[in-house]
Amino acid sequence: MTGNHEYFSGAAEWVEFLPTLGLRVLRNERVEIRRGGAVLDIAGCDDRTAARSGVPGHGFDLDVALAGRDPSRPVVLLVHQPVMVEHAVRAGVDLQISGHTHGGQLWPITQVALVDQPVLSGLTRFGPTWLYVTRGVGFWGPPTRVGSPPEVTLLTLRAG
């Protein structure tokens, strides 16, 4: 998946480079993850800013990412901005994992971020869909964080 900052600094080049490091970039697509008899779909979409970035072929398309999916299997959606959860709910996504907000980073950015995003960090439920937003480890703009410590997130998924 791409995030908004990739579109400030050569998104096409990043998408081409990351696989050379062994990373798969999910651009409006999904993969099946199998472990024993269990199957999980992981989908990833371009950032919501991608379509207006001017990068040919880039744009958020959850319908394409989920096309042909077995709806009886759980699906995790990786999408940079939490606000896209409204699309995830409509599509029947079980869990959306996002970042983007830096947990608000510091006041007054916290208040500004809440104008555009539904939550800044943590686990929240939207109807049948769970949304987890990580604060991440970096920052945007001023190199400081106040009231929003960095985090490296480890999620354990369990059937049920």
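For the chain, modelled as a Gaussian network with Cα springs under 10 Å, which listed residue fluctuates most, Gly92, Gly104, Gly37?
Gly37
If you compute Kirkwood radius over Cα pairs in Å for the structure shown, which of (i) 15.3; (ii) 16.9; (iii) 16.5 do you land on?
(iii)
Compute the distance from the alpha-carbon center of the range 1-48 to that of the range 99-160, in whole Å.
First find each Cα centre; the distance between them is then 20 Å.
Identify which of Ile109, Ile33, Ile97 has the largest mean-square fluctuation in a Gaussian network model of the chain, with springs joining Cα atoms closer than 10 Å.
Ile33
Please give the peptides 58-67, 134-143, 18-27 ranked by average Cβ packing (other Cβ atoms within 10 Å per residue), highest first, as a rough proxy for protection.
58-67, 134-143, 18-27
For the chain, set up a GNM with springs between Cα atoms under 10 Å and report which of Val39, Val133, Val79 has the largest fluctuation.
Val39
Checking the a/c ratio against 1.5 first, then a/b against b/c, what shape does the Cα gyration tensor give for the range 81-160?
oblate
Every number in this text was worked out from the coordinates using simple rules, so none of it is lab data. Keep in mind that what you see is a predicted model, and the values were worked out from it rather than measured. A quick note on method: Cβ atoms are made from the backbone with ideal geometry, for glycine too, and the neighbour counts reach across all protein chains shown.
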